[in-house]
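Below is one structure, written out as structure tokens; the observations come after it.
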Amino acid sequence: MGSLGAILKNPDDFYPLLKLKMAARHAEKQIPPEPHWAFCYTMLHKVSRSFAMVIQQLGSELRNAICIFYLVLRALDTVEDDTSISTDVKVPILKAFHHHIYDCEWHFSCGTKDYKVLMDQFHHVSTAFLELGQSYQEAIEEITKRMGAGMAKFICKEVETTDDYDEYCHYVAGLVGLGLSKLFHASGSEDLASDHLSNSMGLFLQKTNIIRDYLEDINEIPKSRMFWPREIWSKYVNKLEDLKYEENSEKAVQCLNDMVTNALMHVEDCLKYMSALRDPAIFRFCAIPQIMAIGTLALCYNNIEVFRGVVKMRRGLTAKVIDRTKTMADVYGGFFDFSCMLKSKVDKNDPNATKTLSSLEAIQKTCRDSGVLNKRKSYIIRSEPRFNPALIAMLFIILSIIFAYLSTKRPNN
């Protein structure tokens, strides 16, 4: 539930963390009884616990469709990610994956840990897929076909230019945005959003992940996975892997800042997309990951630790975002707060400082022009008084009691 040290340092994280913990336990109890659906929701909890919690608030029909959509694309991504599969085996599977989802006998052993279980028992996903409404099936099939073809293309193609980068991100994430918009529309809850705005929603999330995961991808065994475009990194080093070496720290941070600036160009499209959503549950489903993304970029910007380890938002801040994101005012507030945090880190001597500041000022203007910034709590600026030592001691006692209670309630394996 977050480290004790982090909670004592940020005591206002405690209540959101507690709510998040209880919501996670509640979500785990909502597993359907049918074996194939039980497998799908159990697997969803294992491969993405936060995603599994966020979709619980959706209506059952749309929730089931998005659960299967996520698992189908996660399986497709597992094939693409497995660098031990030869190209001549991988490419045909990617291109034909939209056919496999109709075959309850099909499976393909690849990936590791929970992803291997997903692939070995993919027949459960196919069985559940075939129980969805036709409009949901058609949307999932179309996006799976287009994504598989795009992934296959980039198995044999390097990400050289920023146009290549946008194209790759479109195939692996922009299409997710398009697919979700189609599912929202098929449910009757939303108008069909434009492809351009839907694509930007996916690109912003994907580019954030690619930036954050540099070290994990470059150290992938048996073969590195390189998604940063040569057009950007070649301005700073001779080889992409050179960014992780200490002697290149200054150039690495400049390259990182260039990548973050590139991602920021999608923010205003994302804000426009979210402002048009009508259904509160769909809104939260879309908004929470977007605020997490701008928060992650704020942490990564000008941060050499991206090339040394893992940079991510503390769990308590994540819990706050999940707890507080309910309206568009919260979204504007989150983007404004984190863009302020990012802006405070911009070094005027950075090669891209002018461009970065211009993007951030445009984002902040959009948030200010909404007229609702005073209607929400700040994520990063303390508006509440700090707790005194007595309250911190009380917090420690309550936390110990809760942990003891939860431990006694946990089912025995």
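The values are calculated or read from the model by the stated rules, or taken from the named source; none is laboratory data. Note that this is a predicted model, so its numbers are computed, not measured. Glycine gets a Cβ as well: all are built from the backbone with ideal geometry, and neighbour counts include every protein chain shown. Only protein heavy atoms, including side chains, enter the accessible area calculation; ligands, DNA and RNA are left aside. Shrake-Rupley method; radii C 1.70, N 1.55, O 1.52, S 1.80 Å.
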Filter pass, Asn238 being polar (S, T, N, Q) and either open to solvent by less than 30 Å² (accessible area, probe 1.4 Å) or closer than 30 Å to Cys340 by Cβ (or both)
no
Output yes when any residue across region 312-322 is touching an Asp or Glu at 6+ places or on another chain (Cβ under 6 Å) and open to solvent by less than 10 Å² (accessible area, probe 1.4 Å), and no when none is.
yes
Does any residue of region 215-235 turn out to be part of a loop (DSSP other than H, G, I, E, B), open to solvent by 20 Å² or more (accessible area, probe 1.4 Å) and among the aliphatic types (A, V, I, L, M)?
yes
Contact list please: Cβ distance under 8 Å, first residue in region 111-123 and over 14 Å from His36 (Cβ atoms), second residue among the basic types (Lys, Arg) and surrounded by 16 or more Cβ atoms within 10 Å (Cβ to Cβ), pairs at least six apart or on different chains.
Tyr115/Arg74
Just wondering, is there one or more residues in region 243-252 that are buried (at least 23 other Cβ atoms within 10 Å of the Cβ) and free of Cβ contacts under 8 Å to residues at least 40 places away in the same chain?
no
Taking the conditions exactly as written (open to solvent by 20 Å² or more (accessible area, probe 1.4 Å) and either modelled with pLDDT of 95 or more or farther than 18 Å from Gly174 by Cα (or both)), does Leu277 satisfy them or not?
yes
Hey, any hits in region 321-339 for a residue that's at pLDDT 70 or above and among the basic types (Lys, Arg)?
yes
Out of the residues in region 353-369 that are out of contact with any helix residue (DSSP H, G or I) (no Cβ under 7 Å at 6 or more places or on another chain) and more than 29 Å from Thr327 (Cα to Cα), state the one that is surrounded by the fewest Cβ atoms within 10 Å (Cβ to Cβ).
Thr354
Can you go through Gly188, Gly111, Gly174, Gly179 and tell me which one is surrounded by 21 or more Cβ atoms within 10 Å (Cβ to Cβ) and not in a helix (DSSP H, G or I)?
Gly111
Residues of region 56-77 satisfying the condition of being crowded, with 21+ Cβ neighbours inside 10 Å, in a helix (DSSP H, G or I) and either among the polar types (S, T, N, Q) or modelled with pLDDT under 95 (or both)
Asn64
Considering only region 129-146, state which residues are more than 24 Å from the chain's Cα centre (by Cα) and either surrounded by 20 or more Cβ atoms within 10 Å (Cβ to Cβ) or small (Gly, Ala, Ser) (or both).
Leu132, Gly133, Ser135
Here is a check on your reading of the model: is Ile294 modelled with pLDDT of 95 or more and part of a helix (DSSP H, G or I)?
yes
One residue is enough: does region 24-33 have a residue meeting the conditions at pLDDT 70 or above, within 19 Å of the chain's Cα centre (by Cα), under 25 Å from Tyr115 (Cβ atoms) and not small (Gly, Ala, Ser)?
no
For Asp350, which of the numbered conditions (1) outside any loop (DSSP other than H, G, I, E, B); (2) open to solvent by less than 20 Å² (accessible area, probe 1.4 Å); (3) at pLDDT 95 or above fails to hold?
(1)
